[in-house]
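Asks: Input: one structure, supplied below.
The values are calculated or read from the model by the stated rules, or taken from the named source; none is laboratory data. What you see is a predicted model; the values in this text were computed from it and never measured. We place every Cβ from the backbone using ideal geometry, glycine too, and count neighbours over all the protein chains shown. Note: accessible area is taken over every heavy atom of the protein model, side chains too, but ligands, DNA and RNA are not part of it. Shrake-Rupley method; radii C 1.70, N 1.55, O 1.52, S 1.80 Å.
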Amino acid sequence: MYKLPQRQVHLDFHTSECIDGIGSMFDKAQFQRCLKKGHVNSITVFAKCHHGWAYFPSETNEIHPGLHGFDLTGAMLEACAEIGVAAPVYLSAGLDEKYFVEHPEHGRVGARTQRQPSIFEDNGHKYANDSPKFHGLCLNTPYLDVLVEQVKEVMERYHPIGIFLDIVGIPHFRCYCDWCRKTVISLGLDETDDASYIKAAEYTKKKYEDAINEAARSVDPNVRIYHNGGHLTIGEPDWARQNTHLELESLPTGGWGYDHFPKSVKYASQLGMEHLGMTGKFHLSWGEFGGFKHPNALRYEVALSLANGSKCSVGDQMHPYGFLDEATYELIGIAYAEAEAVEEYCYDIDPVADIAMLTVEGTYGDLKRNHPSDTGANRMLLEGKYLYDIIDAYCDFSKYKVIILPDMIGIEGTLGEKLAEYVKGGGKLLCSGTSGLKCGKLAFDFGVKFLGKSKYKPTYFHPEYRALGLTPSNYVFYNNMYETELTDPSASVLGYSRIPFFNREADHFCSHRHTPFVTENNAPGVVIGKDGAYIAWDIFSEYAEVGSYILKETVHRVLDELLGDKKTLKTSLGAQGVVTLNEQKAQNRHVLHALYATPVKRGSGVEIIEDLTTVLDTEFELKLPPIKSVTLVPENNEIPFTFEGGVCRFTIDKFTCKQVIVLEHEKGEK
Ligand SMILES: [Zn+2]
């Protein structure tokens, strides 16, 4: 049974000492009423904020001067306990502005050339004069000891169910301060090499996490602990396990985008830990007072968490006077009431996946949370309604029918050996660009030899089939193309590359944009051989950056060929739809989630959801063990279906935003 509460709020409270009357309008009844209105069963309340202040009479820190001794943390905890709402406690770790202005020498140094800003004092109020922002601290300095004492005090004073430490992702540990330089030297690394400081960051991160975990567990060995860095790093399972569970911060309008969460949660699901999806109530992001997203957006975001077996958390921010905003909890309540009605079908699940995707992020370490090759592949899989997982080199490969290596996954070392074992067992690979190369050669049999990067760019793809349902044409591919040569005449060439007359240069160019194609085929561009498929372009990153339909259709066609009749799910649901299929073994059933919403651009670079179109006549075909009934929940509406030759077929007449569909199995059949 799951332990992590399903409907959470993450309550921010970063409040300047220049504001008085903190918590002066806190009213236990109002606080409780809002939580009930929001169908909230856990709220992360605060003990220490980014400004550095404590919100209770602290012995290890200073209480916010505007609180005048009031124990706001304690009052919120008491309010929650009375109504059975769980309340982990937040402490800002990587940011503490009050401490920074006292100890700028403990500030994080982000580059070799960085100097800490000057500190000014005005009427006893200290501030850094460079800009109105928080300044990061280095947890490799004596500040760590101060933080450990603050955590211990909160644990001893309140015995909270959990603690949440913030601003402690790996980027927050990259530092060039004197302490970190000494760490580099003590680790026997070269202090003039930037890579040494990445190693030092990993060392400091572990040192910090161990110290906090030990301090908290010395008071309560079962306390829940989460160290938040804004993104779950793919490919570092040991980092994830420094937490008791995972909180996947991913505010679609706050810079993460709508396709970050599916990618993150599909990796989190591989780690055997409980997780939650954290979005926000804001129009934009954290720190926005008076910003609201449309209720339809929150309904969709919460449904997306449920579809992936993730508990939910919505970020909010309290007014300095200590009251919760009634409208915000009405907004949250709309989404959470819908969640509550279907939760029993959403947790304690095993996601079903035909395909797994390795990532550039997980292969090459911490690059960025949305690497274009990973983003493009993830979008293609989502839009194609494929059932897939995001994996790293430590996962079990054998359960997948196809593994995708997007664009640039080199396979030196153990990854190569594991993939070789996988294809020996009958698994298929899809490699593109320079993926699957070992010492410059393709390590798998795709029926072609890899000859290196083409000198032409852009180039063209000439399919041997009716792409887009049209007569084969020549499709521009803007990204890098790679030259190949057919080695196995029995390999299936789905299409060829074609080159332009010449590259566009100052001394010879043609038309407004780029040069047209020559009409002869150049080399196999998309080919399927014994071990799977090779696509001779960096096709996935191009989809993230250019987004043309032909790129996606090409990959979908290859995946369908590779999956053949082993594909678990087919549906008529359109590109913006999302489907997931989860097994609830204990209940002898599968649960299918169908979602549909259309994020659109509003303002400058803001992607929002407003309209929810009703989707009509969605057909599904699922390869599953015998099915006894198909029921729409929470409506409890049993719908007609057929089950023939191992395939269950049914149609959902209409749904808006999301539909949960329960497929009960015959007893003893599963
Ligand atoms: Zn440092």
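Asks: Of all residues in region 626-646, how many are in contact (Cβ under 8 Å) with a residue 12 or more places away in the chain, surrounded by fewer than 15 Cβ atoms within 10 Å (Cβ to Cβ) and farther than 26 Å from Glu340 by Cα?
Replies: Here the count works out to 2.
Asks: As an exercise: evaluate Ser196 against (1) away from the ligand (no atom under 14 Å from the Cβ); (2) of a type outside the set (Val, Ile, Thr); (3) assigned to a helix (DSSP H, G or I); (4) free of Cβ contacts under 8 Å to residues at least 40 places away in the same chain and give the number of the one condition it does not meet.
Replies: (1) is the only condition that Ser196 fails.
Asks: Give me the pairs, please: first residue somewhere in region 107-119 and within 11 Å of Tyr197 (Cβ to Cβ), second residue anywhere and hydroxyl-bearing (Ser, Thr, Tyr) and open to solvent by 40 Å² or more (accessible area, probe 1.4 Å), beta-carbon distance under 8 Å, and either six or more positions apart or on two chains.
Replies: Val109/Tyr176; Gly110/Tyr176; Ala111/Tyr176; Arg112/Tyr176
Asks: Additional query: If you scan region 532-561, which residues turn out to be more than 25 Å from the chain's Cα centre (by Cα) and open to solvent by 20 Å² or more (accessible area, probe 1.4 Å)?
Replies: Those that are more than 25 Å from the chain's Cα centre (by Cα) and open to solvent by 20 Å² or more (accessible area, probe 1.4 Å): Arg557, Asp560, Glu561.
Asks: I've got another one for you. Any residue at all in region 498-521 that is open to solvent by 10 Å² or more (accessible area, probe 1.4 Å) and under 26 Å from Lys385 (Cβ atoms)?
Replies: no
Asks: If the Cβ limit is 8 Å and pairs must be 6+ apart or interchain, which residue in region 163-176 that is over 14 Å from Leu144 (Cα atoms) and free of Cβ contacts under 8 Å to residues at least 24 places away in the same chain pairs with which residue that is small (Gly, Ala, Ser) and part of a strand (DSSP E or B)?
Replies: none
Asks: Of all residues in region 170-179, count the ones that are part of a helix (DSSP H, G or I) and either under 23 Å from Gly235 (Cβ atoms) or more than 10 Å from the ligand (Cβ to nearest atom) (or both).
Replies: 4
Asks: Suppose we filter region 339-372 for residues that are within 25 Å of Val40 (Cα to Cα), open to solvent by 30 Å² or more (accessible area, probe 1.4 Å) and either free of Cβ contacts under 8 Å to residues at least 12 places away in the same chain or among the aliphatic types (A, V, I, L, M) (or both); how many remain?
Replies: Residues flagged as within 25 Å of Val40 (Cα to Cα), open to solvent by 30 Å² or more (accessible area, probe 1.4 Å) and either free of Cβ contacts under 8 Å to residues at least 12 places away in the same chain or among the aliphatic types (A, V, I, L, M) (or both) within region 339-372 amount to 3.
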